[in-house]
1. Write down the accessible area per residue of the chain in Å², having rolled a 1.4 Å probe over the full set of protein chains.
2. Once amide H atoms are built 1.01 Å from N in the peptide plane, which residues 5 or more positions from SER25, or in another chain, come under 5 Å H to H?
3. Please tell me the relative contact order of the chain in percent, rounded to the nearest whole number, where contacts are Cα pairs under 8 Å and at least six residues apart.
4. Which Rg and Dmax, in Å, describe the Cα atoms of the stretch 1-140?
5. Summarise the accessible area of the chain (1.4 Å probe, protein heavy atoms) by the percent that is carbon and sulfur.
6. Out of residues 5 or more away from GLY32 or on other chains, whose amide H comes under 5 Å of its own, with H placed 1.01 Å from N in the peptide plane?
7. So for the chain: antiparallel DSSP bridges make up what percent, rounded to the nearest 5?
8. I need to check one value: relative contact order of the stretch 110-196, counting alpha carbon pairs closer than 8 Å and at least 6 residues apart, in percent.
Amino acid sequence: MAAPLLEAKNVEAFYGPTRVLKGISFEVAEGGITTILGANGAGKTTTLRALSGLVRTAGEIRFAGQRIDGLSTEKIAALGVAHVPDGRGTLVNLTVEENLLVGAYLQRDKAKAAAAMERMFGYFPRLRERRQQQAGTLSGGEQQMLAISRALMQGPRLLLMDEPSFGLAPLIIREIFQIMRVINEQEGVSILLVEQNVARALDLADHAWLLETGQTVMSGTARQLRDDEQIRRSYLGF
Ligand code: ATP
């Protein structure tokens, strides 16, 4: 089997003295969509923050074979990890287009950045219509589309997505999840998705890890988890 794109071994994470991740281990395969599921407060957001170097960690994190734990967020991003944080993190005073150009800061070639922007407008035509609009005035769904596009403008190998469905209407969630599959294939980007919307996440993902109070308790293909009634009832609540 091919080596995983990302490998976390016994990773702990701390807010001040408080240990929130208690030694989690998981892998993200290259090319696919992996999801981390878990209840409120299980540590999903913290896991993504640990991978991006935004919290203090212990343990080992390897990306494309290289240790990234302890590296700065900027270095991790430059190696090919892009993060769509919860709350989305668009720059509200900048326009759609300016946000995308900020996302392209790693791309020195202007023609390539322009081509990438065109591809984003292809995925999300609403952003093209609103290219001169201030990000802060976009709807929640449009802001999520912008946040995803901005992260993709980095040209990452791995996209970390934190609760993209949060606060959005079901129709918009469906639209965004459908396009994530297309993006996964066309951009050749692997995705690590954190979601509370378990059914949607399992529909989209190939592989799932289950997190419970700071520890990984189970993993399998998305289909295995979805089809196992006991797992569904005990852990997934649907
Ligand atoms: P949710 O789905 O509710 O967002 P989560 O699984 O993403 O939950 P985290 O946000 O990673 O969980 O939080 C894990 C634990 O860490 C929680 O107990 C939370 O209270 C705690 N925590 C999160 N951020 C901080 C912080 N900045 N300082 C201290 N504790 C924090």
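The values are calculated or read from the model by the stated rules, or taken from the named source; none is laboratory data. Quick caveat: nothing in here was measured; it's all calculated off a predicted structure. Cβ coordinates were reconstructed from backbone atoms using ideal geometry, including for glycine residues, and neighbour counts include every protein chain displayed. Heads up: the accessible areas ignore ligands, DNA and RNA and are worked out on the full protein's heavy atoms, side chains in. Shrake-Rupley method; radii C 1.70, N 1.55, O 1.52, S 1.80 Å.
1. 47 Å²
2. It is ASN10, VAL11, THR216, by chain and number.
3. The value is 27 percent.
4. 17.3, 47
5. 49 percent
6. The list, which skips near neighbours in sequence, is ILE191.
7. Among the beta bridges of the chain, antiparallel pairing accounts for roughly 55 percent.
8. Relative contact order of the stretch 110-196: 31 percent.
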